[in-house]
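Report on the structure given below.
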Amino acid sequence: DPGLPDLGDGNIAVAAQRSYLRALKSLGVSGFRIDAAKHMSLKQLARIFTPDITDGMLIFGELITGGGVGNIEYERFLAPWLGQTAHSAYDFPLHASLRQGFGFGGDLAILADPARVGQALPDERAITFTLTHDMPNNAGFRGLLLDPVDETLAYAYLLGRAGGLPMVYSDHNESGDGRWIDAYLRADLAAMIDFHNRSADQDMRMLASDPCFLLFRRGIIGLVGINKCGNAVDVDLDLSAEKLLGQQDYRDVLSGHLLRIDRADYRVSLPPRSARMWLRQAEAPQ
């Protein structure tokens, strides 16, 4: 990145920085984001973020890469960060997979298990996102934005899946797009967040996928379906080995659509360009 200088590790005068971070922590701040972390040496960062500062805090870095394992930026910056620190990081490898999968003509099945092929960070280290503040507000990053519908579908994926700590972007129209104003108040995003919170301790298994759709379960309490294509998709499932059986009702937190899963051979219909996040009625908010 020629736009920023690299900071060496020769500056040991970091007492003021540590005092500032300790003061913020004493005021109730619960975490720190390290901007442009790949331009700072790990030795210098260790001088600043001492154990008394990091204890009990979420610390994560911004290390922009164009992908995961095999990408030169990942190998040069993000892999050493993961290997030599205990901090989390923006999951840029997964974001690259999101853009590839949801892009026009892309194959959504690459999101079935991106971590297995090194295209997502380890669950416990990942800050997942559809966009960061840089993307709407910096001309050099606007090419990373998803189509508005695909952005919503990507949120359903991030907030429906297991693993990572998902981040929702919201602003006050600094970009002038009018697209993300108080986004955290949107009814669909609020419902997705509620689904995420209620299914947080559940395992995940991908049930079916192809270039147009993903369908996965969260334990026995949730089922997530995403169809990025312009035509409806019917998915025939064999649930004989699954726990999603019996006279159980699952209601989509986004549309209110009700499923009653009462047999092992079950067909799920996904409308075009939409997501469904069915939550077992017993878990649904009253």
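Of Leu27, Leu7, the order by accessible heavy-atom surface (1.4 Å probe, DNA, RNA and ligands excluded), from most exposed downward, is Leu27, Leu7. Extension gain, Asp134 to Asp201, is 21.0 nm, computed as 0.36 nm per intervening residue step minus the present C-alpha separation.
Estimated from the Cβ-Cβ distance and a Förster radius of 51 angstrom, the FRET efficiency linking Arg267 and Ser30 is about 0.70. Put simply, the convex hull of the Cα atoms in the chain casts, on average, a shadow of 16.7 nm².
With r as the distance between the Cβ atoms of Gln44 and Leu239 and R0 = 30 Å, compute the FRET efficiency 1/(1 + (r/R0)^6) and round to 0.05. Working from the Cβ atoms, E equals 0.05. Amide H contacts of Gly219 (H built 1.01 Å from N, in plane; Pro and chain starts excluded): Asp203, Met204, Arg205 sit under 5 Å, all sequence-distant by 5 or more or on other chains. Pairwise Cα distances in segment 146-286 exceed 18 Å in 55 percent of cases.
Residue by residue, segment 125-138 carries 3J(HN,Hα) couplings of 10, 9, 9, 8, 7, 9, 7, 10, 4, 5, 5, x, 10, 10 Hz when phi is fed to the Karplus relation 6.51 cos²θ - 1.76 cosθ + 1.60 (θ = phi - 60°); x denotes Gly or Pro.
Taking 0.36 nm per residue of sequence separation and removing the Cα-Cα distance, the Glu174/Asp188 pair yields an extension gain of 2.8 nm. Taking θ as phi - 60° and the Karplus parameters 6.51, -1.76 and 1.60, the scalar couplings of segment 41-53 work out to 6, 5, 5, 5, 4, 5, 5, 7, 8, 7, x, 5, 7 Hz in sequence order, x denoting glycine and proline. Each of Gln84 and Val14 was given a label point 7 Å from its Cα along the Cα-to-Cβ line. The distance between the two points is 1.2 nm. Sorted largest first, the spans of the alpha carbon positions of segment 64-199 along the three principal axes are 38, 37, 34 Å.
Using a simple spin-label model with pseudo-atoms 7 Å out from Cα toward Cβ, Val69 and Ala23 lie 4.5 nm apart. Our coupling estimate for segment 94-111, obtained by passing each phi through the Karplus curve with A = 6.51, B = -1.76, C = 1.60 and θ = phi - 60°, is 5, 4, 4, 5, 4, 5, 5, x, 8, x, 4, x, x, 9, 5, 5, 5, 8 Hz, Gly and Pro reported as x. The amide H of Asp249, built 1.01 Å from its N in the peptide plane, has Gln281 as neighbours under 5 Å, considering only residues 5 or more places off or on other chains.
The values are calculated or read from the model by the stated rules, or taken from the named source; none is laboratory data. Note that the structure is a prediction, hence the values are computed from the model and not measured. Note that each Cβ is placed from the backbone with ideal geometry, even for glycine, and that neighbours are counted across all protein chains shown. Remember, those area values only see protein heavy atoms, side chains included, never the ligands or the DNA or RNA. Shrake-Rupley method; radii C 1.70, N 1.55, O 1.52, S 1.80 Å.
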